[in-house]
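What follows is a single structure, written as C-alpha cells, with notes after it.
The values are calculated or read from the model by the stated rules, or taken from the named source; none is laboratory data. Everything numeric in this text was worked out from a predicted model, so none of it was measured. When we count neighbours, we look across all protein chains shown, and the Cβ atoms used for this are built from the backbone with ideal geometry, even at glycine. We work out accessible area using only protein heavy atoms, side chains counted, and drop any ligands, DNA or RNA first. Shrake-Rupley method; radii C 1.70, N 1.55, O 1.52, S 1.80 Å.
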Amino acid sequence: MKTMTHIKGVIFDLDGTLVESELDFGKIKQQLNCPFDTDVLDFIEDMPSLDAQQQAHQIIIEHEALDAMNAKALPHMHALLASLQQLSLPTAIVTRNSKTATATKLSQNNIAMELVLTRECYPAKPAPDALLAIAKQWDIPVSQLIYVGDYLYDIQAAKNAGMQSVFINHNQHAEYQDQADFIVSDLKELQTALEANNQR
C-alpha cells in the first residue's frame, strides 16, 4: 500500500465501514420494482408522483430501521476513533442512510461524532456535495482529507470531491477496489496507517 501523508481529517461512510449492515438491497429493489442495475435512490427520484416517492421512501426507512436495531460496531472501530481523537484529527460521517437509522446505529454503538451528514442533508453519494461541505466547514483543503468506505460509490464520491479514497475490502477482493487511492483490509490497518502519517 502506498503511504498516507499530510492527512488532516478523516470522513467515514457508516454501513460496512464503521458498523455492520445486513440491508438486503435485492429485496428492497424487488419490493419497489426497481431494476437490479439501477440505483434505488435515483429510481425513487424518477418516480412520477410525490405519493409514490413517499411510499417508496417509507419502504426503505422500514428496512433501515430493522437493520439499525441489529447493527454492531465493526472490529477495531472504537480503537480507531479513539486514536484519531488523540491525534487531533477531525472526523465526520457521510452516509446514504436516513437520519433516523443513522442516529440509532450511532447511539447503539457509542459513536460520538459531532458532524454526521445523511441523505436528507445533501444529494447522496456518489455526489460530492456532503464531502465538500465538510471540507469547507473544517477549512481544510480537500487534498488533505480522506474518505473511507466499502463500496464503489464511496470511491466515486471521494474522486468527485477531489479527496483521497480509502477502500476497506474486509479481506475480499472487489473488482473496482483498484480505483481507490488506498486499500485496507480492516480498521486496524487503517489506524496503523494514520498513526504513521501523523509521525511524519
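Reported count of residues in segment 130-141, each being in a helix (DSSP H, G or I) and either charged (D, E, K, R) or open to solvent by 40 Å² or more (accessible area, probe 1.4 Å) (or both), is 4. The residue pairs whose first member lies in segment 122-141 and is farther than 13 Å from M163 by Cβ and touching a residue at least 24 places away in the same chain (Cβ under 8 Å), whose second member is in a loop (DSSP other than H, G, I, E, B) and not acidic (D, E), and whose beta carbons are closer than 6 Å, counting only pairs six or more residues apart or on different chains, are A124/R96. Do we find a residue being among the aliphatic types (A, V, I, L, M) and over 21 Å from L89 (Cα atoms) anywhere in segment 130-147? The answer is no, given that none of the residues of segment 130-147 is among the aliphatic types (A, V, I, L, M) and over 21 Å from L89 (Cα atoms). Filter segment 51-73 down to the residues that are acidic (D, E) and surrounded by 15 or more Cβ atoms within 10 Å (Cβ to Cβ), then identify the one that is modelled with the lowest pLDDT. Among them, the one singled out is D67. Tell me which residues, restricted to segment 188-200, are in contact (Cβ under 8 Å) with a residue 60 or more places away in the chain and closer than 21 Å to S143 by Cβ. L190, A193, L194, E195, A196, N197, N198, R200 - these are the residues of segment 188-200 that are in contact (Cβ under 8 Å) with a residue 60 or more places away in the chain and closer than 21 Å to S143 by Cβ.
Out of the residues in segment 85-101 that are in contact (Cβ under 8 Å) with a residue 40 or more places away in the chain and over 17 Å from the mean Cα position of the chain (by Cα), which is most open to solvent (accessible area, probe 1.4 Å)? It would help to see each step written out before you state the result.
Step one: list which residues in segment 85-101 are in contact (Cβ under 8 Å) with a residue 40 or more places away in the chain, which gives 87, 89-97, 101.
The next check asks that each one be over 17 Å from the mean Cα position of the chain (by Cα); those that pass are 87, 89.
Working: L87: 42, L89: 17 Å².
If we take residues in segment 85-101 being in contact (Cβ under 8 Å) with a residue 40 or more places away in the chain and over 17 Å from the mean Cα position of the chain (by Cα), then L87 is most open to solvent (accessible area, probe 1.4 Å).
Exactly one residue out of E189, E195 is out of contact with any strand residue (DSSP E or B) (no Cβ under 9 Å at 6 or more places or on another chain) and acidic (D, E): that is E195.
Being more than 19 Å from L18 (Cα to Cα), touching a strand residue (DSSP E or B) at 6+ places or on another chain (Cβ under 9 Å) and surrounded by 18 or more Cβ atoms within 10 Å (Cβ to Cβ): is that true of A161 here? Reasoning before the result, please.
Working: more than 19 Å from L18 (Cα to Cα): yes; touching a strand residue (DSSP E or B) at 6+ places or on another chain (Cβ under 9 Å): yes; surrounded by 18 or more Cβ atoms within 10 Å (Cβ to Cβ): yes.
So A161 fits the description; yes.
For S185, the criteria (1) more than 30 Å from N70 (Cβ to Cβ); (2) free of Cβ contacts under 8 Å to residues at least 60 places away in the same chain; (3) in contact with a His (Cβ under 9 Å, 6 or more places away or on another chain); (4) not charged (D, E, K, R) hold in every case but one, which is (1).
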